[in-house]
Amino acid sequence: MKFTFKILSVFCLMSILLTQCKDDDTNIFRAYVEGKFTYSDGVFLENPIHLVVDNKIIAETYPKESGSFVLAGPYSKGAYKLQLKNFKIKSFSTETAGCKISADSLSIEIPDGVTYVIFNDITLK
C-alpha cells in the first residue's frame, strides 16, 4: 500500500512539473533577416554578421561566398540591428519601411515590430 502511494505521488508530482514548465508558443517570436551583400574584399567572408538587441547578440552567421546570409533569433519587442564588425555599409535595398543605416555605418537599424526582413542588396564601402 505504501509503495503504491509513493509511486502515485511521484507520478502526480512529475505531471504537475511537466505541465508547468511547458512554454506558451504563442508568446515566442523570432526575428528573421536574410539578404545578400555586395563586397569587394574577400576578407569580408571571414567576419561574422550579427543580429543585436540591446547590445546582446541574438544570432550570428557568416556570409556565403555569394554574399548571401540568413539570420534568426529570439525577439520580443523593440528595435534591433543587423550588425557588421569591421565593414561599413554604403547602401541597402529592402521593401521593409523604416530600416536605416546607423551613424557609424556598421549596422542597419530595424524598427520595432518588424520580425521579417529581406535585404535585396547591401553594398559595402
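Subtracting the Cα-Cα distance of D104 and E65 from their residue separation scaled by 0.36 nm leaves 11.5 nm. Using a 1.4 Å probe, what is the accessible area per residue for the range 31-125, in Å²? Counting only protein heavy atoms, the per-residue value for the range 31-125 is 55 Å².
Once you list every other residue whose beta carbon is under 12 Å from the beta carbon of G73, what net charge do they have if Lys and Arg are +1 and Asp and Glu are -1? Result for the neighbourhood of G73: +2.
In this structure, T123 and K77 have a Cβ-Cβ separation that, at R0 = 41 Å, corresponds to a calculated FRET efficiency of about 0.85.
The values are calculated or read from the model by the stated rules, or taken from the named source; none is laboratory data. This one's a predicted model, so the numbers in the text were calculated from it and none came from an experiment. Positions of Cβ are generated from backbone atoms using ideal geometry, with glycine treated the same way; all protein chains shown enter the neighbour counts. For the accessible areas, the whole protein counts, side chains as well, though only heavy atoms, and no ligand, DNA or RNA atoms are used. Shrake-Rupley method; radii C 1.70, N 1.55, O 1.52, S 1.80 Å.
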